[in-house]
Structure formats: structure tokens, C-alpha cells
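In what follows, a structure is listed as C-alpha cells, so that the remarks can point back to it.
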Amino acid sequence: MDLLISELTKQRISIRDDISALIQESIGPLQSSVNALRESVEGFQSRLTATETLAGENFEKVSAAENAIKTLQTQNASLLDCIEDLENRSQRANLRIVNVPEGSKNGKDPVKFVAELLLEMTVTEVFDNPSTLERAHRSPGQKPADGRKPHPFVVCFHRFPKKRVATEMGKTARDEIQGESRQNLPRSTMSRKRSSYNSIKQSLYQKGIRFQLLYPARLRVTFNEETLVFNTPEEAKQFYDQRINV
């Protein structure tokens, strides 16, 4: 009996050792795979951490860039307004004279010719001195063919009041010069912007709403004891539709 128990014990130990060896042999490759997978996960984790750090830094840079762009846009808009204002102010003394026949100045100095032309138009002593004109020249371009409209004269007055006299004269008078009809027409970017408010101004006038056109091209409206200033005709029209024309 003791011998049988001893043999069974030996067989149990042998079977256990065989099973343990078999398990170890089977687990070995799996353990290697797990170790490799762990290394890969650790590598991905490290790269993910670096990516998150880089993304955070890039987000801060993008935010700073957006703020800088907004600042530059604001400054650019302000500079454009200043440039437009300077252009408008510099052009306030400019005037175009149209339909003056080509070759009519007969070699005369353009400033002297235009001064004499204005004197002939007004029959006054307002433009008798060429020094009141700073510059005068025809618009650049090839000489038009016979029968085509001549290039206009561009005149810069030395003093704005003189230009205003010519402008008022051009609004009310058409004169015949060497058989050609001639009219003075001022051209200005600002005047076009200001005239763009004409429609809304007419609507406000019909409703009895007080308004005033401000320099350079803004509209001030007083409605129900409230004063508002609009920078574009579209803003004024939107206010009119939402608050007045209801």
C-alpha cells in the first residue's frame, strides 16, 4: 500500500512538472508579445503626450495670431479711413472741365489757358490771375479721334473758395466755347459716399424724422429723443425698417 502511494505521488509530481513546463513553454511567446505591446503602448503614450503639448502650444500661437490679425485689421481700417480722408481733402480743390476741344490751348501754358477759360466763362474778375490755379492738365491718354469726346481738363485750385465758385457756376451754367458745350463737374469719392444716403434721407424726411449728414459720410438720426450715428446707408436703412417703418 505504501508503495502504491509512493508511485502515485511520483506520478503526480511528474505530471505537475510536465504541465508546468508546458505552460511555461506556451506562455513564453505570449509574454514576449505582451512585452512588445507594452513597449508600443508606452511609445504611443509618449508621442501622445508630446502631441498634446505641441497642440497646446500651437493653440496659444493661433490665438495670439488671431488677436494680432484682429488688431491689424482694426489698424488697417483706421489707416484706410485716414488715407481716404486725406485723398478727399487733397481732391477738394480739384475740378474737371469737360468738352474743351483738343488743341484749343494753342500751345499756351495749361494753367494760364484754363484761367483765361474760366474768366471767359464767368465774365468776372474771379479767375483773372493764373496764380489762383495750382495745376492744370488734360486727363492722360491718347488723343481721341475726330468726333470723339475730348479728354477733360483736371484743375487744382490754389484756394478752395475759388473752386467752390467754379463748382456753383458749373451747376447752373452751360456755356458755348468754340462751338462746344462745356460743363464743370466736380468728382469726389466722398461726394459719392454722401450721395448714397439720399434714399434713406428722403424716407426720413417724409416721416418727419430729424437727421444730419456728418463729415465725412455718416448719418446722425434723432428719433424718440434718442440720437444715433450710422456709418453706412445699410445700417441706417436697417434701423429705419426695424424702428420707424413698422
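Odds and ends about this structure:
- Residue in region 109-132 that is modelled with pLDDT of 80 or more, part of a loop (DSSP other than H, G, I, E, B) and not β-branched (Val, Ile, Thr) present: yes
- Within region 77-122, considering residues that are surrounded by fewer than 12 Cβ atoms within 10 Å (Cβ to Cβ) and among the hydrophobic types (A, V, I, L, M, F, W, C), the one farthest from the chain's Cα centre (by Cα): Leu86
- Only one entry in Glu102, Glu7, Glu60, Glu39 is closer than 30 Å to Arg138 by Cβ and of a type in the set (D, E, K, R), namely Glu102.
- Residue in region 77-100 that is of a type outside the set (A, V, I, L, M), out of contact with any helix residue (DSSP H, G or I) (no Cβ under 8 Å at 6 or more places or on another chain) and not in a helix (DSSP H, G or I) present: yes
The values are calculated or read from the model by the stated rules, or taken from the named source; none is laboratory data. The structure presented is a predicted model; accordingly, all values stated were derived computationally and were not measured. Cβ atoms come from the backbone with ideal geometry, glycine included; neighbour counts cover every protein chain shown.
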